[in-house]
Structures are given as structure tokens and as C-alpha cells.
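As C-alpha cells, the structure follows; a few thoughts come after it.
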Amino acid sequence: MKRRALLEAMSKVMFAGSMLPVLKACSASNPGASRATAVSPKLGMSKADWREILPADRFAVLFEEATERPGSSPLNDEDRDGVYICAACHLPLFESAHKYDSGTGWPSFTQPIADSMGTKADYKLFFRRTEYHCIRCGGHQGHVFDDGPPPRRERWCNNGLALLFVPEGEPLPALRG
Ligand SMILES: [Zn+2]
């Protein structure tokens, strides 16, 4: 195929891709395309350090950008008041008041706690998604989409393995790292 035709074909695929219902999904598993999340240097923690501390499944999501199986997290059904914290460094990331059932099988929120997340573009599925990560440790949390409920219309689609839930009234664990 000539280069020009190839580019046209690619742009069509990308346009069509942006309309696909796959957008409703949180993320597709694609281990071959895994990229390392930038680990925050300010904590002085390397990926190897986190690997020692965290269970393998949590480590894979947080620091190797794996995506848990939809419907697999007990946090999907968690409806108590409380705070969701980063499973790696324990920074509070979401409040229960902003959790909602998106029907995707992943814990979903309409907004994070202010200044708790960093974002970056992610082309893993061949179209642009916005990946977000804990601002403190750099741990990958999930992807944010623009099909959430009003008024913000944001859907913060999170891996349950990247979070710990602390019910209201219980003390938050000390920050780690
Ligand atoms: Zn963190």
C-alpha cells in the first residue's frame, strides 16, 4: 500500500476506533504494549522496592499498567462511606461520595480528590485515552473518560487492586514510601 493510502486508512480506523463501544470499557488487557509508569523520584522508591512491598497482583496493576478483570474487585460493591486510598503509598485518592455504579465492572468515580492524580495520554488501544496515576508514588490507577454522569461528565475508571478502602471512622494508615 502506498504511504498516502496507508495514512488515510489509518486515520479512518482511528476515527472509527474513537466511536467504538470499547470506549465504555475501562481498558483492554494488552501486556505486550505495557509501558513503565514513571515512578515518582520524590519518594525515593524504585519499582523494585514496590515489588517487594506489594502483592504481585497489585504490583502488576500499579507499576506495570496491568488491568484487572472486570467485575473482579470487591470494591465494585463497596457502598459504605469512607475514603479510597492508593494501595501503594496510601495517599487518599477518592471519596465515597463520588463513587457511582458505571456498569463497567470497575470501581468508578465522578471525580478524584483535588491534586491527587497526574495524567498522561495513552495510545495503547490505538486511540487516545487519558491514563491517570497517583500523584505521590506514580502508581497507575486507571483511565478517565468523558461519558460520566452530569454535571462533570467524567468517569474515573479505576482498578480496584490499585485502591484500599478505609471506612469512615477508621484511621487512615500512615503514608508509605
Ligand atoms: Zn500512591
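What whole-number value in cubic angstrom gives the convex hull volume per residue for the C-alpha atoms of the stretch 85-149? Working shown, then result.
Numbers: hull volume 6.4 nm³, N = 65.
Looking at the stretch 85-149, the number lands at 99 Å³ per residue.
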* Asked: Relative to a virtual label point 7 Å from the Cα of Asp57 in the Cα→beta-carbon direction, which members of the stretch 98-126 show backbone nitrogen distances below 18 Å?
  -> 105-108
* Asked: Most exposed first by the Cβ proxy, i.e. fewest other Cβ within 10 Å, how do Arg176, Arg58 rank?
  -> Arg176, Arg58
* Run the numbers on the stretch 60-168 and let me know its relative contact order in percent, using alpha-carbon pairs under 8 Å that are six or more apart. => 32
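Laboratory data are not the source of any read-out in this text; all were calculated from the coordinates shown. All of these numbers come straight from a predicted model, not from anything done at the bench. With ideal geometry, Cβ positions are generated from the backbone for all residues, glycine too; neighbour counts draw on all protein chains shown.
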